[in-house]
Structure formats: C-alpha cells, structure tokens
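Visitor: Got a structure for you, questions after.
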Amino acid sequence: MGFITELSLLIRTHTPLIYVQTSEEERAEQIIQEVGENLSPTRELLCYDLVHGFSKDGQAKNNFLQGLQMVEQTDPQRAVIYIFRDLHRRLHPQRCDEAILRQLRHLYRHLRPFRHTLILLSPVLEIPTELQEQIVVLDFPLPQAEEIRQAIERLIPPPSLHLTEHGKEQLVKSCLGLTYDRIRQVLAKSIVQKQRIDESDIDRVLAEKRQRIRQTEILEFFAPSETFASIGGLTNLKAWLCQREQAFSDRARQFGLPNPKGLLLVGIQGTGKSLCAKAIAHLWRLPLLRLDVGRLFGSLVGQTESRTRQTIQLAETLAPCVLWLDEIDKALASTGINGDGGTSQRVLGTILTWMQEKTSPVFVVATANNIEHLPPELLRKGRFDEIFFINLPTEQERQQIFQVHLQKYRPLTFRNFDLDRLAHASVDFSGAEIEQAVIEGMYRAFHLGRDVTTEDILAAIEDTYPLASTAREQIQYMQNWAKQGRARSAS
C-alpha cells in the first residue's frame, strides 16, 4: 500500500495520532495537504512549530504544550489535519516531557470521535514506550521514478534538456534514492554552469547519490570495477551467475521470472567472497551498496529499528541494485542475539522477513566466514536463492589465481613464470595468500636489484604458514559442514 493510500485510509478511519518520519518536510506537507483536499469532507491543514506557532494565526509560539492544548479545543464540527514539526525533541525516551506525553495521550482519546488528525512530522523516530500503542508510524518514501520524471520536466525547460529518451531514463534511474531537494539542487548546478542538461550530468547525479549514501554512515556506494576475469576458479558460481545475468530485465519479467533474491557466500577467509560481491554488480551492471550490519545498532532506544527501516527503504529506492551484507557472521556474533534486550532479534527478524517477502529487485549478497555464528533462520530456504561454499582452491584453480595476479603485477612477463610449480608448492593456500606470496617474492627481487622470478615466489611460499595450518580445526569443521549437502560448492 502506497503512502498516499495508507494516509488517506488512516485519516478516514479517524486515526488520531500519526507519526510521519521524513527529512523532506516541505514535500511531505504538500502531499499531506493534497490528501486532505481529496477527502470528503475536505480537511483544513494547520502546521505548528516553535518559531512561528500555528500557520494560520501564529498562536502558541515557543510552547508545544499550549499548541497541543489548542488542538484539543478545536470545534468538533471542523475537519482538520494538524502537523506538528520537530516534536520528537520532546519525546526522546530518556528525556521525555511528561506534560506533553500526557497531553498526547489525552488527545488520542479526545480526537477519535471527530475528523481531527494530529500528524507528528520528524526526520527521526522518537516514540516513548507509553505512546507506542497509540501512534501509527508511516515512513515517507523518497521520490519514485514517475515523480522524478515529472519533476525533471517541470524544472528543466525543454530547450535545455539535451538527452535522448534512453538518456532520460538513465537520468531518472540515477536520481532514485535522492530527495526532491537534492535532485533540484544538482540539476540547478548544471543549468547555471552549462545552461543545459546532458549525458555528463548522469555522473554528477551519481556523485551526489554517493554523497547521500555516505551520509547515512551505514551504507557505502561502490562503483565496482572487479570482474570475474580477475577471480580464479569458482566455475560453478560463475556459471550460476551468468545464467541470471538478465534476471532484472524487462524480458525476464515478461517471461514470468520473479526477481532473484540473493546469495549467501560462506567459506574460508581470503577465498574471494568480497571480490565475488563486487564482480556480481559489475557483471549485472548494477550499483553496489555495502551494508555494515554492525552499524545498524545504535545506543538509543528505537534507533536501531529506525536505521534498519531507513536502510531497507533506501536500498529499495535504489533498486535494481546489489546489497552486499559483508561478514554478517561477525555482526551477529558481536551484537549478541540474546544479550541486548531483544534488539538484535528484532533487527534480524526485520531483515529476514524483508528478504523473504521483498518483491523489489534488490539482490542480496551476504558473506560469512564463520558458519557457527549464523542463526538457522538465515540458512532456511527462501531467504536466498542459493548458498555457495567457497573452499580452498584446487591445484588447477591455484594456477589460475597465480596467472591472474602475475598478469596484474607483471603484465609483460607473466608467461615466463612456471605456474605448475607455483600451484604445486602452494597447497592449502587461499587466493589472498597466493597474492601475498607474489608480492613477497617481488620484495625479495627488488631488494636484490633484479626482476622477480619463479624462485623468488617459491621462496616466499616456503616461508608462509597459511591459515589452513594455523586454523586447521575451524577450516575442517567448515569443509565437513559443506560436504553434508548444506551448501553448494562454488568450484
């Protein structure tokens, strides 16, 4: 159900207290006013803040309590929507204004028989325990594609729009995930600087989007450059992904295919799980968002749940995209599923429910090193399309990995190296350890004033103790777990 439909339904059913969380105050108020005007009878809109009081007559300045008391004194025959801005500062659970809290509870009972609705408009969610059953929370969505398209046509004169139809679609998609004000600002910059909007402005919008995502301090925006050509081995995983390369296309929807949900990549450290997440986004030509699950957890009551909802909303707004949950096992282990008053359970439940029921084209790639820290609910079928286990590379895969790194560091002479000897000597080495052996060999040669050779890398291998030796029991446990049919082999 869309925001407008749900808000209209709540107002028509005499819901007295509604909390709308958004940083787009002006746009939200405009849409709320339009909703009120389309109801029968139409609703009058009155806004209140501490500086200006009520928008109609300026009464009750600098006094939230007095403003709420005036709502209670409204003529029962009037049909009114009241918007109170920034009341969240008085509703913080740890320093709640008791008089305002009590007045809101009075209003909940008083307003129900009448066509009076009180909307609390705020960029953050702050609801004390005493009001959780009385207040209905609505998340205000960021502009959708059609709204952005209309805004571009409204903001930019046709002679200044130098874009093909395909270019317009790309510009609209690049604006997804930004607020209306940010879209207007970034397009205004181009109009002022160049007196036109063209293909180059798509990159400008993407840069603004990276800035927007960076400000969340939870999501990171990547422009992936890694390809599967830079990852040795993993033929089963690569084939599975190539088969779904067009999974988000219109042709796939017309064929009746549902959007793919995601992958869980489990395996030994240094075997290329993170590289795979980046390569998937590059292969499918989708933006890559990295979510540090540990950053979702805040110190304030309700902050964690609010961050989780905002993150999901932002990911869906940017769809189609790849959402990378990096080292999800560490986040779940460090927060403690049972040691934080149930917050971790609620967050995990929210994420799992969303993963199970989402219809938006957000492909989730979760990586994990320690399967012991993964709750059974995460591994259940339906959360992910597939679970792949990435084992230590075989001898043939080690040859490929050595070739990848030697082509990277010695593009002109990589054919001079004996890949068979290197692969044979590096038993139980991970991909990361193979790369480090190549680099260590280069340091040895550099110290001696000559170019690196196979012998230098072999010497570096000889001096390296791989993780398979130092964490043998943990790795054997993971390999046995995968052999029991709990995950599909990536190789």
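Just so it is clear, none of the values below were taken in a lab; they were calculated from the coordinates. Just so we're clear, the structure is a prediction, and the values are computed from it rather than from any experiment. Counting neighbours? That spans all protein chains shown, and the Cβs are built from the backbone with ideal geometry, glycine included.
Visitor: Enumerate by residue number the GluC sites (Glu not before Pro) in segment 197-279 meeting two conditions: DSSP loop (anything except H, G, I, E, B), and at most 13 other Cβ atoms within 10 Å of the site's Cβ.
Guide: Sparse-neighbourhood loop GluC sites (Glu not before Pro): Glu199, Glu217, Glu245.
Visitor: Run the numbers for Gln73 and Glu34: contour at 0.36 nm per residue of separation, minus the present Cα-Cα distance, in nm.
Guide: The span from Gln73 to Glu34 would gain 11.6 nm if fully extended.
Visitor: Measuring from label point to label point, each 7 Å out along Cα→Cβ, what is the Tyr477 to Asn63 span in nm?
Guide: Taking the simple label geometry, Tyr477 and Asn63 are separated by 6.5 nm.
Visitor: Return the distance in nm (one decimal) between the two label points of a simple spin-label model at Arg251 and Arg380, each offset 7 Å from Cα along Cα→Cβ.
Guide: Placing both labels 7 Å along Cα→Cβ, they lie 3.6 nm apart.
Visitor: Which distance in nm do the two modelled labels at His14 and Ser489 give, with both placed 7 Å along the Cα-to-Cβ direction?
Guide: Once both label points are built, they end up 6.8 nm from each other.
Visitor: What percent antiparallel are the DSSP beta bridges of segment 222-390, to the nearest 5?
Guide: About 5 percent, rounded to the nearest 5.
Visitor: Now a separate question. What trypsin sites (Lys or Arg not before Pro) does segment 26-91 have in DSSP loop regions with at most 15 other beta carbons within 10 Å?
Guide: Answer by residue number: Lys56, Lys61, Arg78.
Visitor: To make sure I understand, if each residue's beta carbon is the centre and we count other beta carbons within 10 Å, what order do Asp250, Asp198, Asp456 fall in, fewest to most?
Guide: Result, fewest neighbours first: Asp250, Asp198, Asp456.
Visitor: Under 12 Å from the 7 Å Cα→Cβ point of Gln396, by amide nitrogen: which residues of segment 447-491?
Guide: Counting only backbone N, you get 491.
Visitor: Want the number for Asp139 to His92: 0.36 nm per residue separation, take away the alpha-carbon distance, what's left?
Guide: 15.1 nm
Visitor: Another question, then. Pop the C-beta distance of Gln150 and Arg109 into the FRET formula with R0 = 51 Å and round what comes out to the nearest 0.05.
Guide: It comes to 0.80.
Visitor: For Leu107, Leu264, which order do you get if you count the other beta carbons within 10 Å of each Cβ and list the fewest first?
Guide: Ascending number of Cβ neighbours within 10 Å: Leu107, Leu264.
Visitor: Using the charge dipole of segment 118-233 (Lys, Arg: +1 at Cβ; Asp, Glu: -1 at Cβ; taken about the Cα centre), state which of Leu138, Val124, His166 has its Cα farthest towards the positive end.
Guide: So the residue we want is His166.
Visitor: Then there's this: Can you list the aspartates and glutamates whose alpha carbon is less than 13 Å from that of Lys278, not counting same-chain residues fewer than 8 positions off?
Guide: Candidates past the 8-residue exclusion: Glu220, Glu226, Asp326.
Visitor: Roughly how large, in nm² to one decimal, is the mean projection of the convex hull of the alpha-carbon atoms in segment 145-215?
Guide: For segment 145-215, the mean projected area of the Cα convex hull comes to 4.2 nm².
Visitor: May I ask you to list the residues of segment 19-62 whose amide nitrogen lies under 20 Å from a point 7 Å from Cα along the Cα→beta-carbon direction of Ala188?
Guide: Only 23-31 pass the distance filter.
Visitor: Ok, one more. Express the relative contact order of the chain as a whole percentage, based on alpha carbon pairs under 8 Å and six or more residues apart in sequence.
Guide: After rounding, I find 13 percent.
Visitor: Taking a virtual spin label 7 Å from the Cα of Tyr465 along the C-beta vector, which residues in segment 391-421 bring their backbone nitrogen under 14 Å of it?
Guide: Answer for this model: none.
Visitor: Quick one: check the C-alpha center-to-center distance for segment 218-246 versus segment 405-447, whole angstrom.
Guide: Segment 218-246 and segment 405-447 have Cα centres separated by 23 Å.
Visitor: In this model, which of Lys168/Lys261; Lys358/Lys381; Lys261/Lys358; Lys238/Lys273; Lys168/Lys209 are farther than 19 Å apart at the alpha-carbon?
Guide: Result: Lys168/Lys261 exceed 19 Å.
Visitor: How much length is gained on full extension from Cys242 to Leu412, taking 0.36 nm per residue of separation minus their Cα-Cα distance?
Guide: Answer, rounded to one decimal: 58.2 nm.
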